[in-house]
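Colleague: Mind looking over this structure? Questions follow.
The values are calculated or read from the model by the stated rules, or taken from the named source; none is laboratory data. Because the structure is predicted, anything quoted here is derived from the model rather than measured. Every residue, glycine as well, gets a Cβ built from its backbone with ideal geometry; the counts of neighbours run over all protein chains shown.
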Amino acid sequence: MTDTTSSGNLGTDEQRRTSVTKRGGGAPATRGKTTIADGVVEKIAGLAARDVTGVHAMGSGLSRTFGAVRDRVPGGGGAKANATRGVKAEVGEVQTALDLEIVIEYGVSIAEVAGDVRENVIAAVERMTGLEVVEVNIAVSDVKLPDEEDEEPESRLQ
């Protein structure tokens, strides 16, 4: 004859598992809040835009000139300033909007490059941040001609 009654006592391991599940009030990923700074989204977007073929530089001529000078000054910002040049982000709790200013290479289709930049930026920002990108506005501020030199001021130091 077998006994089919249960004593109602849970094993020690099972009690611990049950109490851990009840204590937290949800999945660990939902406990707390994550905020993402505007600068983080700007860096991601700037790097993603630069990866697109046909994009020569980011920012207006003036901002690139100041950036080149700033890069030569010790402690002037360097890579961080360069990564966000030409990018402005507005970041909310679940959405972000971006404004980009680009310089394109002569001979490429502006519409195609802008579309590719938009796709690449949206994919990178959404994948890395989880934010919904509601818009990416692109301003083409210049065209880099084949015979033009880059607008970097000459160094006064030799």
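Colleague: From the residues in the range 110-143 that are without any contact (Cβ under 8 Å) to a residue 40 or more places away in the chain and more than 30 Å from LYS33 (Cβ to Cβ), which one is surrounded by the fewest Cβ atoms within 10 Å (Cβ to Cβ)?
Modeller: Looking at residues that are without any contact (Cβ under 8 Å) to a residue 40 or more places away in the chain and more than 30 Å from LYS33 (Cβ to Cβ), I get ALA111.
This table checks each residue for (1) part of a helix (DSSP H, G or I); (2) modelled with pLDDT under 95; (3) loosely packed, with under 15 Cβ neighbours inside 10 Å.
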site: THR18; (1), (2), (3): yes, yes, yes
site: GLU42; (1), (2), (3): yes, no, no
site: ARG70; (1), (2), (3): yes, yes, no
site: ALA97; (1), (2), (3): no, no, no
site: VAL108; (1), (2), (3): no, no, no
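Colleague: Is it fair to say ALA37 is modelled with pLDDT of 85 or more, of a type in the set (Gly, Ala, Ser) and under 19 Å from ILE104 (Cα atoms)?
Modeller: no
Colleague: Shifting gears a bit: Is one or more of the residues making up the range 137-150 in contact with a Ser or Thr (Cβ under 7 Å, 6 or more places away or on another chain) and either assigned to a strand (DSSP E or B) or at pLDDT below 95 (or both)?
Modeller: Scanning the range 137-150, I find at least one residue that is in contact with a Ser or Thr (Cβ under 7 Å, 6 or more places away or on another chain) and either assigned to a strand (DSSP E or B) or at pLDDT below 95 (or both), so the answer is yes.
Colleague: Could you check ALA49 against (1) surrounded by fewer than 13 Cβ atoms within 10 Å (Cβ to Cβ); (2) closer than 19 Å to LYS144 by Cα; (3) modelled with pLDDT of 95 or more; (4) small (Gly, Ala, Ser) and say which number it fails?
Modeller: (1)
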